[in-house]
Structures are given as C-alpha cells and as structure tokens.
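Reviewing the structure listed below.
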Amino acid sequence: QCQLDGLWRNDQDSLMDISVLRDNGDFQGQYLTRVTLSGGCAQVSPLRGAQQQLGEEGWPTFAFTVRWDKFSNATTAFVGQCFVDAGGKETLSTMWLLREAVGSLEEDWKATR
C-alpha cells in the first residue's frame with residue numbers, strides 16, 4: 001500500500017512534504033522547489049490535495065495544487081498515482097500544469113505550461 005504522507009524528492013531535487021493526510025483522503029503540506037520561473041533560490045510554498053481512497057489493494061490516484069505566492073504569480077496543478085515496486089520502494093508518477101497570471105486576454109496563449 002502506498003502512503004502519501006512523508007517527504008518526497010523529485011528528479012529536479014525539489015522536495016514535497018505531506019504532513020497531514022486525513023481519513024477522507026484530503027492532505028496538505030509544503031513544496032520546496034529548486035526550479036523557479038524567476039531563476040531565484042529555492043522557495044517553500046503551500047500545497048493542498050486529495051487522494052482517491054482505495055481498499056487494501058490497488059495504487060491510489062491523487063491531485064494537488066501548489067500556490068507559488070512568495071516568488072511567482074503562478075499556480076501548478078499536479079495529478080498522479082502512487083506505485084510500490086517489488087522491492088517495496090514507493091514512487092509517485094505525476095503530470096503537472098502550471099498557470100502563470102498574464103495582464104490581458106490577448107496574452108492568454110502564453111500563460112499555461
């Protein structure tokens with residue numbers, strides 16, 4: 001069984017700490033990114049999400065958002081699934097979508113990555 005709570009590190013050396021995982025699947029924590037739009041140093045930002053509740057079998061899916069409010073006018077939404085390999089190693093497989101604020105509807109084309 002995959003457990004989302006705890007400390008996770010991604011391929012870019014960013015850290016995600018899920019500190020609260022409620023019985024209903026809601027969770028919250030912090031994301032320390034090493035990759036910033038501004039090229040600045042690492043920053044901690046709040047995250048909130050939800051995990052699909054499963055029984056004893058299966059690998060849970062989840063979604064969460066990170067609000068980069070301390071250094072960027074952007075929000076990222078992540079969706080993924082947790083897996084455990086034969087050796088017991090837990091891995092999160094995710095996709096993300098980042099939305100940066102722009103000043104007008106005409107600039108909307110460049111706001112999403």
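The values are calculated or read from the model by the stated rules, or taken from the named source; none is laboratory data. What you are looking at is a predicted structure, and each value in this text was computed from that prediction instead of being measured. Calculation scope for accessible area: heavy atoms of the full protein, side chains included, ligands and nucleic acids excluded. Shrake-Rupley method; radii C 1.70, N 1.55, O 1.52, S 1.80 Å.
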- Considering only segment 62-75, state which residues are more than 22 Å from Q52 (Cα to Cα) and open to solvent by less than 40 Å² (accessible area, probe 1.4 Å). W68, S72, A74
- Task: Those residues that are within 19 Å of F27 (Cα to Cα) and open to solvent by less than 60 Å² (accessible area, probe 1.4 Å), I need them from segment 76-93; list them, please.
- Result: T76, A77, F78, G80, Q81, C82, L92
- Single condition L7 does not satisfy, out of (1) of a type in the set (A, V, I, L, M, F, W, C); (2) at pLDDT 90 or above; (3) open to solvent by less than 70 Å² (accessible area, probe 1.4 Å): (3)
- Among residues of segment 11-55 being of a type in the set (K, R) and at pLDDT 80 or above, the residue most open to solvent (accessible area, probe 1.4 Å) is R48
